[in-house]
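The values are calculated or read from the model by the stated rules, or taken from the named source; none is laboratory data. Quick caveat, the model's predicted, so the values are computed rather than measured. Cβ: placed from backbone, ideal geometry, glycine included. Neighbour counts: every protein chain shown.
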Amino acid sequence: MSKNASTAAGWDEEYEAGRWAFLRSLPESGRYGIIGMWLNLTESNAEVLDIGCGEGLLYERLAPMGLKRYVGVDLSPASLKIANVDPEIASLRAGDMHTFTPNEGETFSAIVFNEVLHFAEDPGAVVARYVPFLKEDGVIAFSMYAPNKPTSGANKLIAKLWGATDDEAKWDVLDDYRLTSDKKNVTWRMRLVKPVR
């Protein structure tokens, strides 16, 4: 397995070469379904900020569920060009999750980090950074690939993020999943949280 890109130019090259097209496959759909249901059942699916949106796959899955406003952010401008979104409700912006700031006064009912927090040294700090951009009853959903090797760097980051969001003084954990695709022999850790205000 090749190492992921670390720059916008590297990600652009990978998207243009079709490296991430497999994310549209059926065995990848489970986590999108869980995220969609989480947002639907918490009535937070109207205004979504998708950090690390790639080709806008989450937009495609949420659009039939009553999505009214979608902002997708990705480091790769090339991935945003591939995305097929309705410009009436969707805005795609190139940016880094560590520094991106929404437009002034822009808040969201849900913020989603789907397979992007592996690229943060401190994923808990990244998630906490977005709390000011969340509406009063808003939620934050995240999903992270969990390799089979428990001591992997990815699993260490997951433990760090779960530890940060286990703090009951700061976070209300609404749901917590370990999703495994037997077809792909892949596991994801997923969590839905709400900041304590």
If you scan the stretch 49-88, which residues turn out to be touching a helix residue (DSSP H, G or I) at 6+ places or on another chain (Cβ under 8 Å), aliphatic (A, V, I, L, M) and farther than 18 Å from residue 23 by Cβ? 49, 65, 67
Residues in the stretch 51-85 that are in contact (Cβ under 8 Å) with a residue 60 or more places away in the chain, assigned to a helix (DSSP H, G or I) and of a type in the set (Gly, Ala, Ser) total 2
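Matching residues to (1) in contact with a Leu (Cβ under 8 Å, 6 or more places away or on another chain); (2) modelled with pLDDT under 95:
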site: 107; (1), (2): yes, no
site: 110; (1), (2): yes, no
site: 113; (1), (2): no, no
site: 122; (1), (2): no, no
site: 133; (1), (2): yes, no
site: 147; (1), (2): no, yes
site: 160; (1), (2): no, no
What's the total number of residues in the stretch 99-108 that are part of a loop (DSSP other than H, G, I, E, B) and more than 19 Å from residue 75 (Cα to Cα)? 4
All but one of (1) farther than 29 Å from residue 176 by Cα; (2) free of Cβ contacts under 8 Å to residues at least 24 places away in the same chain hold for residue 41; state the number of the condition that does not hold. (1)
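Take residue 146 and decide whether it is small (Gly, Ala, Ser) and buried (at least 17 other Cβ atoms within 10 Å of the Cβ). Walk me through how you get there before you give the answer.
Working: small (Gly, Ala, Ser): yes; buried (at least 17 other Cβ atoms within 10 Å of the Cβ): yes.
Answer is yes for this residue.
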Criterion: closer than 25 Å to residue 57 by Cα, in contact with a Pro (Cβ under 7 Å, 6 or more places away or on another chain) and not hydroxyl-bearing (Ser, Thr, Tyr) - qualifying residue of 154, 110, 146: 154
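What are the residues in the stretch 159-175 that are of a type outside the set (Ser, Thr, Tyr) and either touching a helix residue (DSSP H, G or I) at 6+ places or on another chain (Cβ under 8 Å) or touching a residue at least 40 places away in the same chain (Cβ under 8 Å) (or both), if any? Spell out how you get there, then give the answer.
The initial filter retains those residues of the stretch 159-175 that are of a type outside the set (Ser, Thr, Tyr), namely 159-164, 166-175.
Answer for the stretch 159-175, where residues must be of a type outside the set (Ser, Thr, Tyr) and either touching a helix residue (DSSP H, G or I) at 6+ places or on another chain (Cβ under 8 Å) or touching a residue at least 40 places away in the same chain (Cβ under 8 Å) (or both): 160, 161, 163, 164, 170, 171, 173, 174, 175.
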Of everything in the stretch 58-77, what is out of contact with any Cys (no Cβ under 8 Å at 6 or more places or on another chain) and crowded, with 20+ Cβ neighbours inside 10 Å? Give them in sequence order. 58, 62, 67, 70, 71, 75, 76
Of everything in the stretch 90-117, what is more than 15 Å from the chain's Cα centre (by Cα) and without any contact (Cβ under 8 Å) to a residue 40 or more places away in the chain? Give them in sequence order. 90, 91, 99, 101, 103, 104, 105, 106
Filtering the stretch 134-151 for residues that are in contact (Cβ under 8 Å) with a residue 60 or more places away in the chain and touching a Ser or Thr at 6+ places or on another chain (Cβ under 6 Å) leaves a count of 3
Identify all residues within the stretch 178-197 that are buried (at least 16 other Cβ atoms within 10 Å of the Cβ) and farther than 13 Å from residue 145 by Cβ; write none if there are none. 191, 192, 193, 194, 195
Just to be sure I understand, how many residues within the stretch 28-51 are surrounded by fewer than 19 Cβ atoms within 10 Å (Cβ to Cβ) and of a type in the set (Asp, Glu)? 2
